[in-house]
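A short worksheet on the structure shown next.
The values are calculated or read from the model by the stated rules, or taken from the named source; none is laboratory data. This structure is a prediction, so every number in the text was calculated from the model and none was measured. Positions of Cβ are backbone-derived with ideal geometry, glycine not excepted, and every protein chain shown enters the neighbour counts.
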2 protein chains.
Amino acid sequence: MSGLRNSALKFAEGNNAKFLGELEEFLTIPSISTDPEHKADLEQAAKWVATQLDRLGLDRVHVFPTGGHPVVYGEIKSPDQGALTVLVYGHYDVQPAEPLELWKTDAFEANIRGENLFARGASDMKGQVMASIKALESVLSAGKPPINLKFLIEGEEEIGSPNLAEFIRNNKQLLRADFALNPDTGMIGVDHPTITYALRGLAYFEVRVDGPDHDLHSGIYGGVVHNPAQALCELIAGMHDEQGRVTLPGFYDSVRTIDPDERSQLGRLPMGEDFYLAQTGTSALWGEKDFSPVERTGARPTLEVNGMYSGFIGEGSKTVLPAWAMAKISTRLVPDQDPDEVHQQLVQYFSEHTPDTVRYTVKKMVGSPASISDRKSVGVQAMQDAMERVWNKKPLFRREGGSVPVVVLFKDILDIDSVNCGFSLPDDNAHSPNEKLHLPTWKRGIDTLIHFIYNLENGSKV
Amino acid sequence: MSGLRNSALKFAEGNNAKFLGELEEFLTIPSISTDPEHKADLEQAAKWVATQLDRLGLDRVHVFPTGGHPVVYGEIKSPDQGALTVLVYGHYDVQPAEPLELWKTDAFEANIRGENLFARGASDMKGQVMASIKALESVLSAGKPPINLKFLIEGEEEIGSPNLAEFIRNNKQLLRADFALNPDTGMIGVDHPTITYALRGLAYFEVRVDGPDHDLHSGIYGGVVHNPAQALCELIAGMHDEQGRVTLPGFYDSVRTIDPDERSQLGRLPMGEDFYLAQTGTSALWGEKDFSPVERTGARPTLEVNGMYSGFIGEGSKTVLPAWAMAKISTRLVPDQDPDEVHQQLVQYFSEHTPDTVRYTVKKMVGSPASISDRKSVGVQAMQDAMERVWNKKPLFRREGGSVPVVVLFKDILDIDSVNCGFSLPDDNAHSPNEKLHLPTWKRGIDTLIHFIYNLENGSKV
């Protein structure tokens with residue numbers, strides 16, 4: 001079938017400008033799932049994706065309503081009765097664009113500077129969704145597909161996919177597949193195609209400390225009241241020890257250790273201290289001293305303050321002693337930590353460390369466990385070969401620090417593994433101002449996915 | 001002159017509704033000095049006060065422009081050549097009204113419920129300014145004034161009076177007086193007329209901690225970067241020791257000790273733990289264990305977090321590792337601390353405690369030293385007698401935790417002491433939502449100021 005493969009690759013080459021134009025259109029929709037005010041934009045983005053699938057001639061294209069933002073579905077069958085079925089995952093929602101003043105150009109107006117396309121969602125992950133769709137379009141331009149493909153594109157990834165589990169449970173037959181393809185995990189560098197075999201989990205909380213029953217004048221009452229902002233700082237400061245370890249009771253009890261083999265393999269990744277210094281722009285690295293940066297971000301659990309607020313933060317100098325203080329705190333989890341147990345550990349920490357001068361509240365926002373998968377599966381092998389053909393080198397295998405809850409859901413509910421890859425780069429500013437997509441890499445990504453589809457022809461059905 | 005005194009008191013009694021109506025009008029002007037957007041409202045409030053003084057027939061009524069918001073001036077001379085001159089201080093600016101959603105009625109629409117008038121500035125201190133003006137109006141209704149009075153009503157008290165020193169320096173002759181009357185320090189309780197003989201100073205700062213050079217994905221980079229919000233919390237947590245003492249290097253070095261006499265006198269104030277628990281609504285008091293609540297809020301220096309911000313604080317769960325974190329931090333000072341020295345101490349604290357994983361900035365916003373004054377002066381004696389006549393009890397003498405920089409300026413530039421009093425109450429919600437003025441106390445305040453003016457007749461010129 002190398003004729004079809006070459007024809008598909010040629011189509012992709014010849015139609016790159018058209019593909020790019022369609023991506024640019026997709027990026028203008030501000031599909032910010034964290035903000036209820038953007039509900040209509042989420043619906044528009046879902047319809048836009050459905051129209052894309054429809055135009056390719058996919059079957060059963062449908063926008064499924066959920067308790068939150070809708071799920072887009074579409075499928076295509078290979079004439080080959082024994083063909084493998086791949087469930088292609090993606091999300092059409094994006095992170096908020098704030099702080100807006102730091103964007104060089106409008107976050108929702110795609111802007112090309114040099115080799116990069118700038119827009120919120122360009123990298124995470126509208127660009128990746130479009131790479132999958134455009135790879136299939138190229139394959140279909142050449143002829144019948146060698147495998148069955150099912151697309152599931154959701155709209156709640158950036159808020160922890162709260163309604164996806166129910167959707168998958170309710171549509172187990174529809175979604176039945178041999179494995180999933182998840183192009184949301186990216187590459188280590190522009191010359192390093194990457195397959196991610198493990199992902200960290202997430203448990204996200206909002207904590208609040210209340211003191212006086214109203215804001216006080218800091219002159220009249222300063223000295224007799226435990227300032228809630230100070231109390232929250234004391235509690236947050238106590239969540240790490242001097243070695244950078246998280247102090248929540250039992251936090252490390254179920255953490256799987258890194259064995260010497262894995263440690264030596266992770267050590268071969270081209271991501272030392274200099275890499276992380278360059279990517280973050282921080283003055284010095286921080287964290288658990290007994291672990292390398294790659295291990296700390298991939299194979300070790302962490303706790304972060306994602307946001308913090310108390311009192312008067314405007315211009316000037318209001319002399320208030322605030323009534324309360326709030327922080328958004330999240331933990332990144334590794335096998336075999338459980339998000340609910342971490343929730344209990346956080347509550348226990350607050351219960352043990354909060355003085356009687358203030359009161360605390362811990363609210364669980366989202367949670368999903370970490371995952372780790374088989375590096376010898378047919379899907380991973382097909383992806384490894386596809387990457388090798390495009391980049392002329394073997395891909396790297398790594399553990400990823402971010403969380404992809406859907407990988408866990410697919411494993412738990414559909415009992416399938418995911419091939420985690422993607423064509424985003426570490427300096428793409430995902431979740432930050434000036435998010436961008438490296439266009440030459442995106443183009444290689446489309447070619448890779450075309451090879452991946454053909455590589456799976458006559459694959460062993462699981 | 002008891003005929004005139006009684007006639008003035010009768011006028012005040014008969015015109016209370018009119019006085020109240022004028023106060024309500026004054027309160028509708030949102031003269032928020034911290035917010036540059038309200039510049040025109042500040043000018044309107046200044047003109048409104050000038051019109052009030054003008055209508056009483058005062059001389060040299062003028063709205064003086066300054067580098068910031070204007071100063072209102074007006075004066076009246078007694079026919080008595082040997083009459084004392086009193087400089088009456090006030091401010092027409094108010095604190096921001098945020099958080100607006102906690103107000104039961106509009107912050108800038110006076111609303112009477114029971115014995116209280118609710119509005120931003122009702123207590124701090126438009127109500128107090130109006131009590132002074134209306135006391136003089138009552139005196140003038142009865143005849144010529146027994147003393148010379150000069151009014152100085154500024155518009156920048158709530159932002160630390162940044163332009164007042166220059167105005168006073170440039171107008172030393174105009175403002176020349178035997179002493180000042182400052183009705184901005186309030187009462188301990190509705191049955192406790194109060195004279196404040198000491199005030200705490202203020203040094204206000206904005207501190208910022210920077211880490212990575214842009215917001216990061218907390219999954220990808222969590223574990224190798226010192227989270228700036230966490231680092232700021234660690235720094236803030238370290239600013240107090242376990243005994244509630246401030247840890248800035250040298251912070252207590254120049255703090256004047258409380259002698260046994262003063263300690264026993266402060267011990268007679270009806271403000272024990274229960275008082276502070278009731279006023280603040282906090283679950284348990286906090287602070288230096290070797291000092292009483294009254295001592296901790298009046299005679300001891302403190303450090304407060306007035307506001308704090310980092311990262312994502314909106315709805316939902318953005319997984320950002322923020323690039324920076326900010327806090328507004330202020331210290332309340334007692335004799336003989338120096339605000340500039342405290343600034344140096346804070347900078348030294350940050351320099352000694354900030355790890356090399358983050359960078360810090362300390363910005364000084366405003367600063368003024370504490371003050372302490374003579375309890376046997378002619379002005380204090382006249383106020384003591386006036387309060388005794390209205391309340392039938394001797395006033396209490398106390399130290400105040402808040403800062404009144406103008407008292408320091410009057411002492412430093414004009415070499416005059418201030419009689420610090422006022423008719424606000426501890427539960428007036430100054431600087432908080434639902435600020436209010438207790439109207440029966442306000443009425444007693446006007447009577448007290450009428451007595452005060454007549455008590456100074458034939459007073460010994462300093």
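Looking at region B:214-238 only, could you name the residues that are more than 7 Å from every other protein chain (Cβ to nearest Cβ) and more than 42 Å from the chain's Cα centre (by Cα)?
Step one: list which residues in region B:214-238 are more than 7 Å from every other protein chain (Cβ to nearest Cβ), which gives B:228, B:231-232, B:235, B:238.
Across region B:214-238, there are no qualifying residues.
Which residue is nearest to residue A:206 (Cα to Cα), if the candidates are limited to region B:294-311 and must be surrounded by fewer than 24 Cβ atoms within 10 Å (Cβ to Cβ) and at the interface with chain A (Cβ under 8 Å from one of its Cβ atoms)? Spell out how you get there, then give the answer.
In the first step, residues of region B:294-311 are kept if they are surrounded by fewer than 24 Cβ atoms within 10 Å (Cβ to Cβ); the result is B:295, B:307, B:309.
Imposing the further condition that a residue be at the interface with chain A (Cβ under 8 Å from one of its Cβ atoms) reduces the set to B:307, B:309.
Details: B:307: 18, B:309: 15 Å.
Checked region B:294-311; the qualifying residue nearest to residue A:206 (Cα to Cα) is B:309.
Would a scan of region B:208-218 turn up a residue that is within 23 Å of residue A:233 (Cα to Cα), part of a helix (DSSP H, G or I) and in contact (Cβ under 8 Å) with a residue 60 or more places away in the chain?
Yes: one or more hits.
I need the strands (runs of 3 or more DSSP E) fully contained in region A:1-94, keeping only those with at least 3 residues that are farther than 21 Å from residue A:181 by Cα.
On the way: elements: A:59-64, A:71-76, A:85-91.
Fully inside region A:1-94 and qualifying: nothing.
Kindly evaluate residue A:320 against the criterion of being under 30 Å from residue B:96 (Cβ atoms) and in the same structural domain as residue A:354 (by TED's automatic domain parsing). Break it down into steps so the answer makes sense when it comes.
Numbers: under 30 Å from residue B:96 (Cβ atoms): yes; in the same structural domain as residue A:354 (by TED's automatic domain parsing): yes.
Criteria met by residue A:320.
Go through (1) at negative phi; (2) more than 11 Å from chain B (Cβ to nearest Cβ) one by one and return the number of the condition residue A:422 breaks.
The one condition residue A:422 does not meet is (1).
Which condition number does residue B:160 fail, the rest of (1) modelled with pLDDT under 95; (2) surrounded by 24 or more Cβ atoms within 10 Å (Cβ to Cβ); (3) closer than 21 Å to residue B:430 by Cβ being met?
Only one criterion in (1) modelled with pLDDT under 95; (2) surrounded by 24 or more Cβ atoms within 10 Å (Cβ to Cβ); (3) closer than 21 Å to residue B:430 by Cβ is unmet by residue B:160, namely (2).
Just give me the residues in region A:236-251 being in contact (Cβ under 8 Å) with a residue 12 or more places away in the chain, within 17 Å of residue A:287 (Cβ to Cβ) and in a loop (DSSP other than H, G, I, E, B), in sequence order.
First, the residues of region A:236-251 that are in contact (Cβ under 8 Å) with a residue 12 or more places away in the chain: A:236, A:238-240, A:243-251.
Now drop any that are not within 17 Å of residue A:287 (Cβ to Cβ), which leaves A:236, A:239-240, A:243-248, A:251.
Once the filter is applied, which keeps residues that are in contact (Cβ under 8 Å) with a residue 12 or more places away in the chain, within 17 Å of residue A:287 (Cβ to Cβ) and in a loop (DSSP other than H, G, I, E, B), region A:236-251 yields A:239, A:243, A:244, A:245, A:247, A:248, A:251.
So which of A:151, A:205 ends up being in contact (Cβ under 8 Å) with a residue 60 or more places away in the chain, under 19 Å from the mean Cα position of the chain (by Cα) and not assigned by TED's automatic domain parsing to the domain that holds residue A:407? Spell out how you get there, then give the answer.
Details: A:151 fails: not assigned by TED's automatic domain parsing to the domain that holds residue A:407.
So the residue among A:151, A:205 that is in contact (Cβ under 8 Å) with a residue 60 or more places away in the chain, under 19 Å from the mean Cα position of the chain (by Cα) and not assigned by TED's automatic domain parsing to the domain that holds residue A:407 is A:205.
Report yes if residue B:387 is in contact with a Cys (Cβ under 7 Å, 6 or more places away or on another chain), in contact (Cβ under 8 Å) with a residue 12 or more places away in the chain and more than 30 Å from residue B:208 (Cβ to Cβ), otherwise no. Explain how you work it out, then say what you get.
Details: in contact with a Cys (Cβ under 7 Å, 6 or more places away or on another chain): no; in contact (Cβ under 8 Å) with a residue 12 or more places away in the chain: yes; more than 30 Å from residue B:208 (Cβ to Cβ): yes.
Answer is no for this residue.
Residues to consider are A:108, A:167; find the one that is among the aromatic types (Phe, Trp, Tyr), assigned to a helix (DSSP H, G or I) and more than 12 Å from chain B (Cβ to nearest Cβ). Step through it out loud before you land on a result.
On the way: A:108 fails: assigned to a helix (DSSP H, G or I).
Unique residue meeting the criteria: A:167.
Would you check which residues across region B:432-462 are more than 21 Å from residue B:374 (Cβ to Cβ) and of a type in the set (Phe, Trp, Tyr) and list them?
B:442, B:454 - these are the residues of region B:432-462 that are more than 21 Å from residue B:374 (Cβ to Cβ) and of a type in the set (Phe, Trp, Tyr).
Of the conditions (1) over 19 Å from residue B:404 (Cβ atoms); (2) more than 14 Å from chain A (Cβ to nearest Cβ); (3) surrounded by 19 or more Cβ atoms within 10 Å (Cβ to Cβ); (4) not acidic (Asp, Glu), residue B:182 clears all except one; give me its number.
So the condition that residue B:182 fails would be (1).
May I ask you to list pairs of residues, at least six apart or on different chains, whose Cβ atoms are under 8 Å apart, with the first in region A:264-280 being over 12 Å from residue A:188 (Cβ atoms) and in contact (Cβ under 8 Å) with a residue 24 or more places away in the chain and the second being hydrophobic (A, V, I, L, M, F, W, C) and in a helix (DSSP H, G or I)?
A:267/A:294
Would you pick out the residues in region B:98-124 that are of a type in the set (A, V, I, L, M) and in contact with a strand residue (DSSP E or B) (Cβ under 6 Å, 6 or more places away or on another chain)? Outline the logic, then answer.
At the first step, the residues of region B:98-124 found to be of a type in the set (A, V, I, L, M) are B:100, B:102, B:107, B:110, B:112, B:117, B:119, B:122.
Across region B:98-124, the qualifying residues are B:110, B:117, B:122.
Could you tell me whether residue B:145 is assigned to a loop (DSSP other than H, G, I, E, B) and in contact with an Asp or Glu (Cβ under 8 Å, 6 or more places away or on another chain)? Break it down into steps so the answer makes sense when it comes.
Details: assigned to a loop (DSSP other than H, G, I, E, B): yes; in contact with an Asp or Glu (Cβ under 8 Å, 6 or more places away or on another chain): no.
Spelling it out, it is not the case that residue B:145 is assigned to a loop (DSSP other than H, G, I, E, B) and in contact with an Asp or Glu (Cβ under 8 Å, 6 or more places away or on another chain).
What about residue A:122, is it among the hydrophobic types (A, V, I, L, M, F, W, C), crowded, with 24+ Cβ neighbours inside 10 Å and in contact (Cβ under 8 Å) with a residue 24 or more places away in the chain? Before the answer, list the steps.
Working: among the hydrophobic types (A, V, I, L, M, F, W, C): yes; crowded, with 24+ Cβ neighbours inside 10 Å: yes; in contact (Cβ under 8 Å) with a residue 24 or more places away in the chain: yes.
The answer is yes for residue A:122.
Give B:285, B:269 a once-over and let me know the one that is facing another protein chain (nearest Cβ under 7 Å), under 24 Å from the mean Cα position of the chain (by Cα) and either within 18 Å of residue B:201 (Cβ to Cβ) or not hydroxyl-bearing (Ser, Thr, Tyr) (or both). Quick ask: steps written out before the conclusion?
On the way: B:269 fails: facing another protein chain (nearest Cβ under 7 Å).
Within the list B:285, B:269, the selection yields B:285.
Can you tell me which residue within region A:196-213, out of those that are modelled with pLDDT of 95 or more and more than 7 Å from chain B (Cβ to nearest Cβ), is nearest to residue B:222 (Cα to Cα)?
Within region A:196-213, the first condition is being modelled with pLDDT of 95 or more, and the residues that meet it are A:203-213.
When the remaining residues are screened for being more than 7 Å from chain B (Cβ to nearest Cβ), the result is A:203, A:205-210.
On the way: A:203: 13, A:205: 16, A:206: 18, A:207: 19, A:208: 22, A:209: 24, A:210: 28 Å.
In this case the residue turns out to be A:203.
Within region B:325-338, does at least one residue satisfy the condition of being aliphatic (A, V, I, L, M), touching a Lys or Arg at 6+ places or on another chain (Cβ under 7 Å) and more than 26 Å from residue A:315 (Cβ to Cβ)?
Scanning region B:325-338, I find at least one residue that is aliphatic (A, V, I, L, M), touching a Lys or Arg at 6+ places or on another chain (Cβ under 7 Å) and more than 26 Å from residue A:315 (Cβ to Cβ), so the answer is yes.
Which one of A:59, A:80, A:54 is surrounded by fewer than 16 Cβ atoms within 10 Å (Cβ to Cβ), within 30 Å of residue A:36 (Cα to Cα), more than 22 Å from the chain's Cα centre (by Cα) and not aliphatic (A, V, I, L, M)? So that I can check it myself, show each step before the final result.
Numbers: A:59 fails: within 30 Å of residue A:36 (Cα to Cα); A:80 fails: within 30 Å of residue A:36 (Cα to Cα).
Going through A:59, A:80, A:54 in turn, just one is surrounded by fewer than 16 Cβ atoms within 10 Å (Cβ to Cβ), within 30 Å of residue A:36 (Cα to Cα), more than 22 Å from the chain's Cα centre (by Cα) and not aliphatic (A, V, I, L, M): A:54.
Looking at B:144, B:150 in this structure, which one is among the basic types (Lys, Arg), over 29 Å from residue B:276 (Cα atoms), crowded, with 19+ Cβ neighbours inside 10 Å and modelled with pLDDT of 95 or more?
On the way: B:144 fails: crowded, with 19+ Cβ neighbours inside 10 Å.
After applying the criteria, what remains is B:150.
Could you tell me which residue of region B:406-419 is surrounded by the fewest Cβ atoms within 10 Å (Cβ to Cβ), considering only residues that are in contact with a Gly (Cβ under 9 Å, 6 or more places away or on another chain) and within 22 Å of residue B:130 (Cβ to Cβ)?
If we take residues in region B:406-419 being in contact with a Gly (Cβ under 9 Å, 6 or more places away or on another chain) and within 22 Å of residue B:130 (Cβ to Cβ), then B:419 is surrounded by the fewest Cβ atoms within 10 Å (Cβ to Cβ).
Could you check region B:312-337 and list, in sequence order, the residues that are over 14 Å from residue B:229 (Cα atoms) and either touching a Cys at 6+ places or on another chain (Cβ under 9 Å) or more than 8 Å from chain A (Cβ to nearest Cβ) (or both)? Outline the logic, then answer.
Residues of region B:312-337 over 14 Å from residue B:229 (Cα atoms): B:314-318, B:329-337.
Correct list: B:329, B:331, B:333, B:334, B:335, B:336, B:337.
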